[in-house]
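Asks: My questions will all concern the structure given below.
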Amino acid sequence: MKNKLNRGFRTVCRKMICGIAVVAVALGTAACSDEGDNKEIEVPKAEKAASVTNGDLKSDSTVIGVGDTAVSYDEYRVYSWFLKNQYEGVLSAEVWDYKLGDATIGQVAIEDILRLIIQIKVMNKAAAEQGVGLGIDEKEDIDHKADQYLATIPPEVQQANGITRDIMYRIFEENEVARKVYDVTTSAAIERKEVQAAKVLMLHLAADDTNREQVRNQANALSAELGKYTGNFTSFVKDKTGKAPKEVIVGSLDSRTGLAGTALSMQRYTTSGVVEEKDGFYIMYCLKTSTERLNNTYWEQYISEEQNRIFQTAYENWAEKYEVKVSKSLLAK
């Protein structure tokens, strides 16, 4: 239950408000404003962040600064409401007190909402630099959608959550601009390659230089035990790790060449031996060997991963240009 909630929550946080999915990029921890003087660790050559408010927060208090772009408390509250509305329509309000490790879902929510807002603001700054924006017709269409959505929210809910037409327009417009800059960034054609793929169930035992031999012995022992096991691969992995094996498509463009080579050489419904890669050890069970349909699915998966990689590289370059500040009062909630 906990893992499903966590995955579902993260998925919601990776959705744009207008229903457009964006790439979830790994953002560095946002700097927190010190009480009073807003002292920060300076980022060389970065655009200084707008000062944020500590103490009691009001509707127009600045709670996030992304470069000179200021995010008001009400704008943050609207993003927060979008997320709560997604969950509380299915689950009870008590979901926010549910524990995910050392933190509650509510605490994780604040961090993920902050990352989402920062990402959108950075992408809009990048869009402005590249001349990417909304045309007159596009803006009118997006604002109309915002009006339609706003009309579905009861007035008392709007008032309780800081929802205004201006903020709703801004959120919808900035999400659309973010989508456009993502498309522009990832639009370079990737030359089609001939690929082969296999669908497998995968057990991965992570390892590095500090524990490689220990994990190698563990993997070899599991492989030997699996050879004598009378049940299926999934049951074995669940019994030994407490988790089901991952179902993945592995193919000829995978950087883990040993893993890919082994997967592609397997017969259907057979189990591999232990495969060593830089990130650890693998044992696989083959569900499906190479077919035209599976190969096409793998190619689409590869394109998506390449686009995500291209975007993340671009995003990291954009983000370095802007100092970020977040109100301590917001993080304390």
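The values are calculated or read from the model by the stated rules, or taken from the named source; none is laboratory data. Just so it is clear, the structure is predicted and the values come from calculations on it, not from any experiment. Positions of Cβ are backbone-derived with ideal geometry, glycine not excepted, and every protein chain shown enters the neighbour counts. These area figures cover heavy atoms from the full protein model, side chains too; ligands, DNA and RNA do not enter into them. Shrake-Rupley method; radii C 1.70, N 1.55, O 1.52, S 1.80 Å.
Asks: Are any of the pairs Lys121/Lys325; Lys58/Lys145; Lys125/Lys328 more than 20 Å apart by Cα-Cα distance, and if so, which?
Replies: Lys58/Lys145; Lys125/Lys328
Asks: Kindly rank 146-153, 48-55 from highest to lowest mean number of other beta carbons found within 10 Å of each residue.
Replies: 48-55, 146-153
Asks: Continuing with this model, one more query. Net charge near Thr257: determine it from the other residues with C-beta under 14 Å of the C-beta of Thr257, scoring Lys and Arg +1 and Asp and Glu -1.
Replies: In short, -2.
Asks: In whole Å, how far is the Cα centre of the stretch 291-333 from that of the stretch 134-184?
Replies: Going from one Cα centre to the other spans 23 Å.
Asks: At Thr297 and Ala206, where each label point lies 7 Å from the Cα along Cα→Cβ, what is the point-to-point distance in nanometres?
Replies: Result: 2.7 nm between the two label points.
Asks: Report the net charge of residues surrounding Met202, where surrounding means a beta-carbon distance below 15 angstrom and charges are Lys +1, Arg +1, Asp -1, Glu -1.
Replies: Net of charged neighbours comes to +2.
Asks: Given the options Ala314, Gly280, Ile303, identify the residue whose Cα lies farthest towards the positive end of the charge dipole of the stretch 274-318 (+1 on Cβ of Lys, Arg; -1 on Cβ of Asp, Glu).
Replies: Towards the positive end, the residue furthest out is Ile303.
Asks: Under a plain spin-label model, where a point goes 7 Å from the Cα along Cα-to-Cβ, how far apart in nm are Glu305 and Ala189?
Replies: 2.4 nm
Asks: In whole Hz and in residue order, list the ³J(HN,Hα) couplings for the stretch 264-279 that follow from phi through the Karplus curve 6.51 cos²θ - 1.76 cosθ + 1.60, θ = phi - 60°; x for Gly and Pro.
Replies: 6, 8, 7, 8, 4, 6, 10, 10, 7, x, 7, 10, 9, 10, 4, 8
Asks: Can you give me the long-range amide H partners of Glu277? Hydrogens built in the peptide plane at 1.01 Å from N, cutoff under 5 Å, separation of 5 or more residues or another chain.
Replies: Excluding prolines and chain starts, which carry no amide H, the hits are Tyr282.
Asks: Label Thr234 and Ala128 with points 7 Å out from Cα along Cα→Cβ: what is the distance between them in nm?
Replies: The answer from the label model is 5.1 nm.
Asks: Shifting gears a bit: Given R₀ = 22 Å, what would the calculated FRET efficiency be for Arg165 paired with Leu331, taking r from the Cβ atoms and rounding to 0.05?
Replies: E between Arg165 and Leu331, to the nearest 0.05, is 0.15.
Asks: Which one, Gln218, Gly242, Ile190, projects farthest toward the positive side of the charge dipole computed for the stretch 136-243 from Cβ point charges (K/R +1, D/E -1)?
Replies: Of the options given, the answer is Gln218.
Asks: Moving on. Could you sort Tyr282, Tyr269, Tyr229 by their accessible area in this structure, using a 1.4 Å probe and putting the largest first?
Replies: So the residues, ranked largest to smallest area, are Tyr269, Tyr229, Tyr282.
Asks: Where in the stretch 239-268 does the amide nitrogen come within less than 18 Å of the point 7 Å from the Cα of Ala224, taken along Cα to Cβ?
Replies: Inside the label zone: 240.
Asks: Given a 1.4 Å probe and the protein chains all in place, what does the accessible area of Leu294 round to, in Å² to the nearest 10?
Replies: About 10 Å², ignoring ligands and nucleic acids.
Asks: Follow-up question, since we're still on this one. Mind running the shape call on the stretch 188-333? Use the C-alpha gyration tensor, a ≥ b ≥ c as the square roots of the eigenvalues: rounded below 1.5 for a/c, prolate if a/b tops b/c, oblate otherwise.
Replies: Oblate, because a/c is 1.5 or more while a/b does not exceed b/c.
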